[in-house]
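Report on one structure; see the data block that follows.
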Amino acid sequence: MTKKEIKRQCYNMKMINRLAILGGSSVYIPVFLSALMQNNVRIKEIVLIGTNQEKLNIVSAFCKRMVDNVGYPLKVNETTSVELGIEGAEIILSHIRVGGFLARIAYERKPINCDLIGDESFGAGSFLNAFYTLPVMLEIGKKISSINPKAYVINMTNPMGLVVETLTRFAGLTRVIGVCESVTSYKQLIARLLNVSEKNISLQYIGLYHLGAICDVYLHGRSIMVELIEKLEKEKIPSFDHEIISTFNAIPSRALSIFLRKSDYLKEQKKKTQLRSEILYEHETKILNIYKNQRVNSIPDVVYERNPSWYDEIIIPLICALNKYCFDEHIICIPNKDYLSEFPFDTSIEIPCKINKKEIKPSIQTKLPEFFRGLFLTAKESDRLITEAIINKSYNCALKALAINPFVDSFTKARLFLDEFIQTEKIEWFK
């Protein structure tokens, strides 16, 4: 990226003195910095926090070369100390992947090997992810609570809803926002289909992070769900599950669509010779080798093969919203606080909210459809049991969590999966 490529957009927002990134050694961090510069977001300093010193140094050095090449007034620093990195940060972006892409491969492969759907954000894979991720996030959350409790924590770490609950319920943080790119991609597709600006559309989404549904769509404040479904029927856009949409009069998230077609999806997963996580792991190695080259100061094409558009389309607008006086609407994961009466007070939900520098207020105008209520409540109870199992080191809670999880077929499979995991990983602390 060169100076002339920067889009000098004007944001009526205050200067951010410090932004910290947990998981700052990710090879995709330069895409975030590029989005900051392209949108002319005013930040004095970014601190990259990572545990792998070698990888952190490679990514940090490349980020510095990229910023210097553009001539942008931004200081990039790096540290392996969480305490030093979060101190004084107004925004903390959680980009952590405990165990890296090798761990994500396990979250996908191990369930498939047990005849279960493999994914890091729901089902048996989510349990594995939570097992390793929640203790790390709880420790970090307690440090944030002690050192910098007024900072906003924007969480991208999966399983996203469970991380939000861990940080709010058990670490005592009050400014935690979970974000996911899936709903935003639907908004873009709908806007293109209707040939209107995304700013004029409001999605009435209700979810438990990845498991959710668009229950209504507003254009200039008026519901257009009926017209939209009719148009989707005619257009047959591949990204939408048209049969499910026409049956339920709601647009399912990817996870919900997978749940409604569990056996078909598992068959497809079993056929694949290489999972997405395995492809990303190979890409990471290639990208790091390119970043090592001191002559490279712009983002290589291989980085964009993952399509990491969420920085430009979600994270940057959210950061700007948190530092502006006028309200912007975003779909985010936050503690419930009775916004949806179906779910417990202190659990996390994903809904549209109006956001500015002073407050975050829900803008939900619809109800959870009756036919999804039982499913969502069961999924939420499974999440609660997963957290309890990890916090209290309880085998019984872990088994219950897996047995009732909507993406786990039976008690027998749940027990076999859990026992195999404990045995192969030599987990000794489950009671």
*asked:* It is to be established whether one or more residues within segment 349-371 are of a type in the set (D, E, K, R), modelled with pLDDT under 95 and within 30 Å of N69 (Cα to Cα).
replied: no
_Residues of segment 77-104 satisfying the condition of being surrounded by fewer than 22 Cβ atoms within 10 Å (Cβ to Cβ), among the aliphatic types (A, V, I, L, M) and either part of a loop (DSSP other than H, G, I, E, B) or more than 21 Å from the chain's Cα centre (by Cα) (or both)_ = L84, V98
*Residue, surrounded by the most Cβ atoms within 10 Å (Cβ to Cβ), within segment 167-201, restricted to residues that are farther than 20 Å from A213 by Cα and under 15 Å from the mean Cα position of the chain (by Cα)*: L167
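Could you list all residues from segment 270-286 that are part of a helix (DSSP H, G or I), of a type outside the set (F, W, Y) and under 22 Å from the mean Cα position of the chain (by Cα)?
Those that are part of a helix (DSSP H, G or I), of a type outside the set (F, W, Y) and under 22 Å from the mean Cα position of the chain (by Cα): R276, S277, E278, I279, L280, E282, H283, E284.
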*Are any residues in segment 360-374 closer than 25 Å to H330 by Cβ, part of a helix (DSSP H, G or I) and in contact (Cβ under 8 Å) with a residue 60 or more places away in the chain, and if so, which ones?*
F372
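One line per residue, one yes/no per condition, for (1) touching a residue at least 60 places away in the same chain (Cβ under 8 Å); (2) over 21 Å from P406 (Cα atoms):
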position	(1), (2)
P135	yes, yes
I140	yes, yes
K143	yes, yes
P149	no, yes
A171	no, yes
S182	yes, no
I190	no, yes
*Just name the residue that is nearest to the chain's Cα centre (by Cα) out of those in segment 231-267 that are part of a helix (DSSP H, G or I) and closer than 15 Å to F376 by Cβ.*
A255
*Report whether or not S341 is more than 19 Å from K55 (Cβ to Cβ) and of a type in the set (S, T, Y).*
yes
_Here's a check for you: in segment 55-76, which residue that is without any contact (Cβ under 8 Å) to a residue 40 or more places away in the chain and crowded, with 19+ Cβ neighbours inside 10 Å is farthest from E45 (Cα to Cα)?_
L56
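Residues are listed down the side, and each one gets a yes or a no for (1) part of a helix (DSSP H, G or I); (2) exposed (fewer than 14 other Cβ atoms within 10 Å of the Cβ); (3) of a type outside the set (D, E, K, R):
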{"residue": "V303", "(1), (2), (3)": "yes, no, yes"}
{"residue": "P308", "(1), (2), (3)": "no, no, yes"}
{"residue": "D312", "(1), (2), (3)": "yes, no, no"}
{"residue": "L340", "(1), (2), (3)": "no, no, yes"}
*If we keep just the residues of segment 212-239 that are touching a residue at least 40 places away in the same chain (Cβ under 8 Å) and touching a strand residue (DSSP E or B) at 6+ places or on another chain (Cβ under 9 Å), which is surrounded by the fewest Cβ atoms within 10 Å (Cβ to Cβ)?*
Y218
*How many residues are in a helix (DSSP H, G or I), assigned by TED's automatic domain parsing to the domain that holds A414 and over 17 Å from E165 (Cα atoms) when one looks only at segment 375-396?*
2
*Which of the following residues is in contact with a Pro (Cβ under 7 Å, 6 or more places away or on another chain), small (G, A, S) and in contact (Cβ under 8 Å) with a residue 12 or more places away in the chain: A250, A255?*
A250
*Scan segment 35-78 residue by residue and report those that are hydroxyl-bearing (S, T, Y) and in contact with a helix residue (DSSP H, G or I) (Cβ under 7 Å, 6 or more places away or on another chain).*
Y72
*When you look at T366, is it surrounded by 15 or more Cβ atoms within 10 Å (Cβ to Cβ), of a type in the set (S, T, N, Q) and out of contact with any His (no Cβ under 7 Å at 6 or more places or on another chain), yes or no?*
yes
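The values are calculated or read from the model by the stated rules, or taken from the named source; none is laboratory data. These numbers were taken from a predicted model, which means no experiment stands behind them. Backbone-built Cβ (ideal geometry, glycine too); neighbour counts: all protein chains shown.
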